[in-house]
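The structure appears right after this line, and notes come after that.
The values are calculated or read from the model by the stated rules, or taken from the named source; none is laboratory data. Being a predicted model, the structure only gives us computed values, none of them experimental. All Cβ positions, glycine included, derive from the backbone under ideal geometry; neighbour counts span all protein chains shown. Quick note on the areas: whole protein, heavy atoms, side chains included, nothing else; ligands and nucleic acids left out. Shrake-Rupley method; radii C 1.70, N 1.55, O 1.52, S 1.80 Å.
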Amino acid sequence: MNELTMTLGKAKNLLIPMFKHNCLQAGLLLSSPGIGKTSICYAIADSLGIPRDRVLLFRPSLRDPVDLMGTPNPTDVVTRWLPPEEFYQFREGTGPGMIIWDELLQGDEQMQNAIAGCMLDGVLGSLRIDPQVVQIATANRVQDKAGSKRMVTQLGNRVWQGTVTTNVDEWNAWAIDSGIVDTVRAFVRFKPDALNDFNPNRPINATPRSWELVSNNMFPGIGGDDLRYMASGLVGQEHGIDFAAFAELGAAIDLDSILADPHHAPLPNKPGSAFLVVGAMSGRVAADTSIFADARIVAERFAPEFGSMLVRDCIARNPAIVETAAYVDWATSNGQNLI
């Protein structure tokens, strides 16, 4: 039977109401490395109204069991455990919070057993965790060769588990909000398989995390061999070389000329160039709503899939566009393409 998977967005939309209904139910998100599992955990906390100072990120692979249980404090009669400060802040009576057990399966069996007790019973040594504290874990799959160990059976029987994967539309919406450069967004749309091309036998892989790194390293003026080497060193040679060629294609597009004469200026007829125009033009509209009056003319000249993509990106970047007369005019004739 094929593995049942869901997108990160679907997992988020499932877990939020589930935790609201039963915050004692612990969850575990499984996937290949670098797709954004931890970020989704923080997004779930935000949606549940849990402030960031009430979210604890704990990486079992970097810690010892004593970091969970605390240290023994002998008295004249008994030995009591002094709980770690980071977990003491979530003690019974402190109210809502979230503990993220990040890369849970990289922890050894002893660590997994201790965490299993906390996920089921809300107990660490002598410390009781507040029942309003949500517990969620992330892990790479064993077959990804990313350091994950076999899950102890009792842990697997105590948590909700979901295998998550990427989705280009969801990633693009996140990328717009996160300031990923237009060229990277356009390339991923042009070549969707490049978003998450993970192979455990390769030393470098294209993942959402590595594409974010490419975006972060697009310094002014980078191009040619510098761009090929930079991108290849982050997403692998195949995708790095393709991305550099794609970026060079975009450098030849004169967006100012298109906006100066949106009715007649030549538009690119190659899909790669069209993706670049969509990304760059929506960026202009995000900064200045008035530009949408020209952008929607361009959208009408494009094939429907690119025209609607341009309008969707403009709205995502600047929702005020839907209040403009230019958008109303466009939607009257083309609104069905946004569905």
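Need pairs with beta-carbon distance below 7 Å; first residue part of a loop (DSSP other than H, G, I, E, B) and within the range 12-26, second among the polar types (S, T, N, Q); sequence gap 6+ or separate chains. Listed by first residue and then by second, the contacts come to CYS23/GLN132; ALA26/GLN135. All conditions but one from (1) at pLDDT 95 or above; (2) assigned to a helix (DSSP H, G or I); (3) surrounded by fewer than 16 Cβ atoms within 10 Å (Cβ to Cβ) apply to ILE44; the one that does not is (3). Remark: pairs (first residue in the range 61-80, touching a residue at least 24 places away in the same chain (Cβ under 8 Å); second residue open to solvent by less than 70 Å² (accessible area, probe 1.4 Å) and of a type in the set (D, E, K, R); Cβ separation under 7 Å; 6+ apart in sequence or on different chains) = SER61/GLU103. Checked against the criteria, ALA274 does not count as closer than 14 Å to THR183 by Cα, modelled with pLDDT under 85 and either among the polar types (S, T, N, Q) or open to solvent by 20 Å² or more (accessible area, probe 1.4 Å) (or both). Between ILE129, ILE100, ILE136, ILE115, the distinction of being touching an Asp or Glu at 6+ places or on another chain (Cβ under 8 Å) and open to solvent by less than 30 Å² (accessible area, probe 1.4 Å) belongs to ILE129 only.
Of the residues in the range 129-171, how many are among the β-branched types (Val, Ile, Thr) and touching a Phe, Trp or Tyr at 6+ places or on another chain (Cβ under 6 Å)?
Adding up the residues that qualify gives 3.
Pairing residues of the range 118-144 that are more than 14 Å from ILE100 (Cα to Cα) and modelled with pLDDT of 90 or more with residues that are in a strand (DSSP E or B) and of a type in the set (Gly, Ala, Ser), at Cβ distances under 7 Å and at least 6 apart in sequence or on separate chains, gives ASP130/GLY97.
The rows are residues; the columns are (1) of a type in the set (Val, Ile, Thr); (2) under 21 Å from SER39 (Cα atoms); (3) not in a loop (DSSP other than H, G, I, E, B).
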residue	(1), (2), (3)
ARG158	no, no, no
VAL164	yes, yes, yes
TRP174	no, yes, yes
ASP177	no, yes, yes
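Restricted to the range 201-220, and to residues there that are more than 15 Å from VAL184 (Cα to Cα) and not charged (D, E, K, R), the residue that is nearest to the chain's Cα centre (by Cα) is ASN205.
What pairs can you find where one residue is in the range 206-233 and closer than 20 Å to ASN167 by Cβ, the other is assigned to a helix (DSSP H, G or I) and open to solvent by 80 Å² or more (accessible area, probe 1.4 Å), and their Cβ atoms are less than 9 Å apart, with a gap of 6+ or different chains? So the pair list comes out as ALA206/ASP193; ALA206/GLU238; PRO208/TRP174. Do the conditions hold for ARG209, that is, is it touching a Phe, Trp or Tyr at 6+ places or on another chain (Cβ under 9 Å), assigned to a helix (DSSP H, G or I) and open to solvent by 20 Å² or more (accessible area, probe 1.4 Å)? Answer is no for this residue.
Checking each residue in the range 166-188 for being open to solvent by less than 40 Å² (accessible area, probe 1.4 Å) and out of contact with any Lys or Arg (no Cβ under 9 Å at 6 or more places or on another chain) picks out THR166, ILE180, THR183, VAL184, ARG185, ALA186, PHE187, VAL188.
Looking across ASP53, ASP76, ASP64, one residue alone is surrounded by fewer than 22 Cβ atoms within 10 Å (Cβ to Cβ) and under 19 Å from CYS23 (Cα atoms). It is ASP53. Each residue in the range 99-146 was checked for being outside any helix (DSSP H, G or I) and farther than 30 Å from GLY49 by Cβ, and 4 pass. Where helices (runs of 4 or more DSSP H) fall wholly inside the range 285-339, the ranges with 3 or more residues that are aliphatic (A, V, I, L, M) and surrounded by fewer than 16 Cβ atoms within 10 Å (Cβ to Cβ) are 325-334.
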